[in-house]
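Engineer: Just dropping this structure here.
The values are calculated or read from the model by the stated rules, or taken from the named source; none is laboratory data. Everything numeric here is computed off the predicted structure, so don't read it as measured data. Cβ placement follows ideal geometry from the backbone for every residue including glycine, while neighbour counts extend to all protein chains displayed. For accessibility, only protein heavy atoms count, side chains too; no ligands or nucleic acids. Shrake-Rupley method; radii C 1.70, N 1.55, O 1.52, S 1.80 Å.
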Amino acid sequence: MPSELEKLENGDWYHFLDPAVAARKARAAQLCQEFNAIPATDPAAQTAKIKEIFGSTGKNVSVQATFNCDNGANIHVGEDFLSNYNLTILDIAPVTIGNHVMIGPSVGIYTVNHPMTAAGRRDYLAKASPITIGNDVWIGGNVTILPGVTVGNNVVIAAGAVVTKDVPANVLVGGVPAKVIKPLEQA
C-alpha cells in the first residue's frame, strides 16, 4: 500500500495530516519564516534564502517578503523572476514558472484542492495538480491561480482575476472566473 507521501506525489487523494506530509510542510514554514525575517535592506540574503527554498531558479530572482509555501522544492522559476509582497505558493504539486515573469502583490498560486464532499473533508483529504506558467507573463495583484492550470507565454492576468482553467498564449485575461479579454501583440 502506498504511503501518504507517495499518494501525494502520484496526484492521488492523500491524508494531509499524515506525519510525513506535515513534516514537509513544517520544514517549508520554517524556511519561509527565516526568509521573511531577513531585512528588506539585505536583498543578497533574501536571494540566497529563496534559492535555498525553491527547487530551482534562474540567475536573477527577486522575491519580496512576505512569502509562504507548502514545500518549496516543487517551485521552479526561470530567469528574471520578480514577485511583489505577500506571495503564497501552495506547491504540493510542482509549480513551474518560465523566464521574465512578474507577479504583483498578494497573489496566490494553489496546486492543492480538497474534496467536494463533507465526508472527504472530515477525513482530511487533499489532492494536488501541477501549475505551469509560461515566459513573459505578468500576473497582477490579488490574482488567484487554481490547481492544474497552464498559462501560456506572453500573458497578462489582470488584477483580481481568478484563473480556473488554462490560458492560451498572447492574451489578456481578467475577471472571476478569468476569461480572455483581448489578444496581445508580440513585441
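Engineer: Give me the distance in nm between label points sitting 7 Å out from Cα along the Cα-to-Cβ direction at THR66 and GLU52, one decimal.
Structural biologist: Simple spin-label model gives 2.0 nm for this pair.
Engineer: Per 0.36 nm of contour for each residue apart, how much would the distance between MET102 and ALA45 grow if the chain were fully extended, relative to their Cα-Cα spacing? Walk me through the intermediate numbers first.
Structural biologist: Numbers: separation 57, 0.36 × 57 = 20.52 nm, distance 2.04 nm.
So the chain would gain 18.5 nm between MET102 and ALA45.
Engineer: What is the distance in Å between the Cα centroid of the range 111-162 and that of the range 21-52?
Structural biologist: 22
Engineer: With a cut-off of at most 13 other beta carbons within 10 Å, and DSSP calling the residue loop, which trypsin sites (Lys or Arg not before Pro) in the range 10-60 qualify? Please list them.
Structural biologist: LYS59
Engineer: Still on this structure, please answer the following. Considering only DSSP beta bridges whose two residues both sit in the range 6-132, what percent are antiparallel, to the nearest 5?
Structural biologist: Looking only at bridges with both residues in the range 6-132, the antiparallel portion is about 20 percent.
Engineer: Also: For the range 23-88, give the percent of accessible area contributed by carbon and sulfur heavy atoms, probe 1.4 Å, rounded to a whole number.
Structural biologist: Within the range 23-88, the accessible surface is 53 percent carbon and sulfur.
Engineer: Still on this model: If R0 is 30 Å, what FRET efficiency do you get for ALA169 and GLN33 from their C-beta distance, rounded to 0.05?
Structural biologist: Values: r = 37 Å, r/R0 = 1.23.
For R0 = 30 Å, the calculated efficiency reads 0.20.
Engineer: So which of LYS25/LYS165; LYS7/LYS182; LYS51/LYS182; LYS51/LYS165; LYS49/LYS179 end up more than 32 Å apart, counting from Cα to Cα?
Structural biologist: LYS7/LYS182; LYS51/LYS182; LYS49/LYS179
Engineer: Now for a different question. Which FRET efficiency, nearest 0.05, do VAL180 and GLU79 yield, Cβ-Cβ r, R0 25 Å?
Structural biologist: Approximately 0.40, to the nearest 0.05.
Engineer: Give me the 1.4 Å probe accessible area per residue for the range 1-124, excluding ligands and nucleic acids, in Å². Walk me through the numbers on the way to the answer.
Structural biologist: Values: 6260 Å² over 124 residues.
So the range 1-124 comes to 51 Å² accessible per residue, rounded to a whole number.
Engineer: Would you mind computing, in nm to one decimal, how far apart the modelled labels at MET116 and ALA20 are, each placed 7 Å from Cα along Cα→Cβ?
Structural biologist: 3.0
Engineer: Moving on. Compute a Gaussian network model of the chain, connecting alpha carbons closer than 10 Å, and tell me which residue from PRO39, PRO168, PRO130 fluctuates the most.
Structural biologist: Greatest mean-square fluctuation among the candidates belongs to PRO39.
Engineer: Another question about this same structure. Run lengths n ≥ 4 of DSSP H only: what is the helix-derived mean residue ellipticity at 222 nm for the chain, with -39500 (n - 2.57) per run over all residues, to the nearest 500? Don't skip to the end; give the middle numbers.
Structural biologist: Details: 4 runs with 40 residues, N = 187.
After summing the helix terms and dividing by the residues of the chain, the value is -6500 deg cm²/dmol.
Engineer: DSSP loop trypsin sites (Lys or Arg not before Pro) in the range 103-178 with at most 15 other Cβ atoms within 10 Å of their Cβ, which ones?
Structural biologist: Answer by residue number: LYS165.
Engineer: Using Cα extents along the principal axes in Å as the read-out, say which of (1) 52, 39, 23; (2) 117, 37, 25; (3) 64, 42, 26 was calculated from these coordinates.
Structural biologist: Label (1) holds the value from this structure.
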